[in-house]
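This report refers to the structure that appears directly beneath it.
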Amino acid sequence: QVQLVESGGGLVQAGGSLRLSCAASGGDFRFNTMGWYRQAPGKQREVVASITSGGGTNYANSVKGRFTISRENAKGTVYLQMDSLKPEDAAVYYCNTLPVVIYNWGQGTQVTVSS
């Protein structure tokens, strides 16, 4: 069973940047579409970006032009480069498969954006 470990979150000022990483171990995720999800307090978990096995990407309108998703299959890692961060981007960020969640959720990584 693949295990997911997210990292790279932290506290950043509005307008700043963070790079999140999601390391997958215990299996081969190369052929899966992977996505970054986020969940803010009191809100449902939402997909913010996805990347297919072939490298095709898709973004939520709220992050388009500011976030970039990428993957390194040889390292079993998916990244999320987040630029021009806004207070409304604050949430716990998770990675998992799309369109169906296959793996157990990791612990996530907290992103806090100060205004």
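The values are calculated or read from the model by the stated rules, or taken from the named source; none is laboratory data. Bear in mind that the values here come from a model prediction, so they are computed numbers and not experimental data. Please note: Cβ atoms are built from the backbone with ideal geometry, for glycine as well, and neighbour counts cover all protein chains shown. Each accessible area value is taken on the protein alone, full model and side chains, heavy atoms only, with ligands, DNA and RNA left out. Shrake-Rupley method; radii C 1.70, N 1.55, O 1.52, S 1.80 Å.
Observations
- Once the 1.4 Å probe is applied to the protein heavy atoms, the chain comes out at 51 Å² accessible per residue.
- Only Lys, Arg (+1) and Asp, Glu (-1) charged, at Cβ; the chain dipole about Cα centre in debye: 100 debye
- Contour excess over end-to-end distance, with Cα ends at N58 and S17 and 0.36 nm allotted per residue: 12.8 nm
- Per-atom-type breakdown for the chain gives carbon and sulfur 48% of the accessible area (1.4 Å probe, protein chains only).
- Estimated from the Cβ-Cβ distance and a Förster radius of 30 angstrom, the FRET efficiency linking D83 and R45 is about 0.85.
- Label zone at S115, where the point sits 7 Å out along the Cα-to-Cβ direction: the range 20-63 residues whose backbone N lies under 18 Å: 40-43
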